[in-house]
Amino acid sequence: MFDLVFWLPVMVGGTLAGASSGLLGTFIVGMRIPFLGVCVAHAALAGAVFGSLCGLEGQALLLPALGGSIVAALTLGLLDPHRVHLDDNAVLSFLFSATMGLAFLGIGLHGVLGRSDNDVRSLLWGSLNFCRWRDVWLMLASAGGLAAYIVIFFKELRAIMFSRLDAEAAGIRVKAVWSGFLVLVAVVLTVNFQTVGGLMIYSLISNPAAAAFQVVKGCRRTMLVSAGFGAASGLGGFLISAATDLPSGAVIVLVSSALLALAAIIRRARLTAGT
Amino acid sequence: MSASVIEADQLQIHAARQCVLDLDRLDISGGTVTAIMGRNGAGKTTLLRAALGFVAPTQGALRVLDCRVPQLAGSALAQFRRRIGYVPQLLPVRGDLPLTVREVAAIGRTGRTGVFRSFTRNDWRVVDEWIERLGLASLADRAFGEISGGEQRKTIIARAMAQQPELLILDEPTANLDLGWRERIVATIQELHAQTAITVVLVCHELEVLPPSCRRVVLLDSGRLLASGPAEAVFTLERIAELYGEGLCVMHQGGRHAVVPVGGEHV
């Protein structure tokens, strides 16, 4: 028997995680830095690991995790590409390696010091099935903050997505707007990680946005469709997994991948038909 | 003659410990079309980037639109850039990007409109006016990545003009375009200048790209000013041979210019 009281927060959590990841994914995929999701996940893990080493546990680990992910996001946002002569993806690659190294060093230190690292592991590989209303409210608050930021800075983010150089040349304060956006991305992703896990978030950033890019034109419409695809992946994946008793995370990832494949087929059919 | 829009005095710019631009004096007057030409590595793009505040001089003074560019930072630099329309050499080539032609042209209004403010009807009117004037109205709702290279270039010019700039900087605006599109872009630059009297600074490699309204060529070589004046005076046979090798001749007709091989043993 389907216990709605138990599963409702799970369904809302999955839908919210999908919608917020799809929303921010429009700009992340548009800027061609989908690896940001994995990088932020490992930075959050590194933060949580060292928080745990300092004696924090349970929900309190969210704070050092947020600290780690925000530092990584700000490093990417504030680095001047003209000065460092590094592509964003090269910076992400560096941040990913450094934070992953730090995270595993910290996990190793747990063993050396004879401490449990269970809390840390569950933060990164959280399970959607254990999502409760408290998690949902946190996700809603972070997603609301992100949505408000996008509404306020929509025209600037659209310009930055097209070309950072062009946006700067047109007199847009690129560094400030982009860094602010990346900080909110770090917050949303870190809050979502502990509920739905890192791998699933990565798929929910990339697939819905890439699918929306295939089927619609216009930045605002793409954002809405991407958020819709994300929400459909989160909720649809959960419902399929509930009906088939398959793991929810895996099914959600597969649903989002199937949506992308379907969108690519639709685009190809449209191009062939000349519409 | 109108006041100077760009003034460089004892300007030096270094990159990787090498001097890439070394100008004793350079003035570009307002309301003119000026071409900056020279071989690869002559310092043309460096000069443009310095004028936009992307590269800091190591020595000397650089004033653009009465602003001392090297001293600008933060919001002052952003406000200064809003007065300049810039058409870069390289365009974003992401075919899957869903931005429409109208949205790309609107980027030009974004800085001008200011933070925390949405586009007004007037902003969209200016954007649509430039889309119309550049013959892009039928493409306005098409994705930027789906239109041709020439149409993309026109969209970027519309974006720069929607900014209502005092100075238009074009960095190799006909790069990678076929002959037909090259001529259309040259005609567009000519019309823009005739209709708005805007100051145009054009960086290019080919004399064929100069519109008839271009009365002055600034020729750079190895970061230094080699010659300046009308194209006929700057691009003499001797100078072309010195810069690009023997076997080329130059033709000037009706305000347009072309370099062609003499035939036979072209080096």
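From the list B:Ala35, B:Ala56, B:Ala61, B:Ala73, the lone residue that is in contact (Cβ under 8 Å) with a residue 60 or more places away in the chain and either over 14 Å from the mean Cα position of the chain (by Cα) or on the phi < 0 side of the Ramachandran plot (or both) is B:Ala35.
Return yes or no: is B:Ile131 within 8 Å of another protein chain (Cβ to nearest Cβ) and either closer than 14 Å to A:Glu168 by Cβ or surrounded by 15 or more Cβ atoms within 10 Å (Cβ to Cβ) (or both)? The answer is no for B:Ile131. With the condition kept exactly as written, say whether any residue in the range A:206-225 is of a type outside the set (A, V, I, L, M), within 11 Å of chain B (Cβ to nearest Cβ), in contact with a strand residue (DSSP E or B) (Cβ under 6 Å, 6 or more places away or on another chain) and in a loop (DSSP other than H, G, I, E, B). Yes, the range A:206-225 has at least one match. Please tell me if B:Val5 is in a loop (DSSP other than H, G, I, E, B) and either closer than 25 Å to B:Ile198 by Cα or at pLDDT 95 or above (or both). Answer is no for this residue.
In the range A:37-50 there is no residue that is touching a residue at least 40 places away in the same chain (Cβ under 8 Å) and outside any helix (DSSP H, G or I). Among the residues making up the range A:141-174, those that are more than 7 Å from chain B (Cβ to nearest Cβ) and hydroxyl-bearing (Ser, Thr, Tyr) are A:Ser142, A:Tyr149. Only residues that are assigned to a loop (DSSP other than H, G, I, E, B) and in contact with a Pro (Cβ under 8 Å, 6 or more places away or on another chain) were counted across the range B:120-150, and they come to 0.
Can you tell me which residue within the range B:81-91, out of those that are closer than 30 Å to B:Arg68 by Cβ and not in a strand (DSSP E or B), is farthest from the other protein chains (Cβ to nearest Cβ)? Across the range B:81-91, the extreme among qualifying residues is B:Gln89. Inspection of the range B:99-113 finds no residue satisfying the criterion of being more than 13 Å from A:Ala159 (Cα to Cα) and more than 8 Å from chain A (Cβ to nearest Cβ).
Taken together, the residues in the range B:251-262 that are in contact with a strand residue (DSSP E or B) (Cβ under 7 Å, 6 or more places away or on another chain) and either within 17 Å of B:Arg215 (Cβ to Cβ) or modelled with pLDDT under 85 (or both) amount to 2. Filtering the range A:165-205 to residues that are buried (at least 23 other Cβ atoms within 10 Å of the Cβ), without any contact (Cβ under 8 Å) to a residue 12 or more places away in the chain and in a helix (DSSP H, G or I) leaves A:Asp166, A:Ala167, A:Glu168, A:Ala169. Please verify whether the range A:227-250 includes one or more residues that are surrounded by fewer than 19 Cβ atoms within 10 Å (Cβ to Cβ), out of contact with any Leu (no Cβ under 6 Å at 6 or more places or on another chain) and under 24 Å from B:Asp141 (Cα atoms). Yes, that holds for at least one residue. For the range A:131-138, the criterion of being in a helix (DSSP H, G or I) and either in contact with a Cys (Cβ under 7 Å, 6 or more places away or on another chain) or polar (S, T, N, Q) (or both) is met by no residue. Within the set B:Arg94, B:Arg63, B:Arg102, B:Arg117, the sole residue that is part of a helix (DSSP H, G or I) and out of contact with any Ser or Thr (no Cβ under 7 Å at 6 or more places or on another chain) turns out to be B:Arg102.
Residue count for the range B:93-124 satisfying the condition of being surrounded by 17 or more Cβ atoms within 10 Å (Cβ to Cβ) and either among the β-branched types (Val, Ile, Thr) or without any contact (Cβ under 8 Å) to a residue 12 or more places away in the chain (or both): 6.
The values are calculated or read from the model by the stated rules, or taken from the named source; none is laboratory data. What you see is a predicted model, and the numbers here were worked out from it, not measured in a lab. Note: ideal-geometry Cβ built from the backbone for every residue, glycine included; neighbour counts use all protein chains shown.
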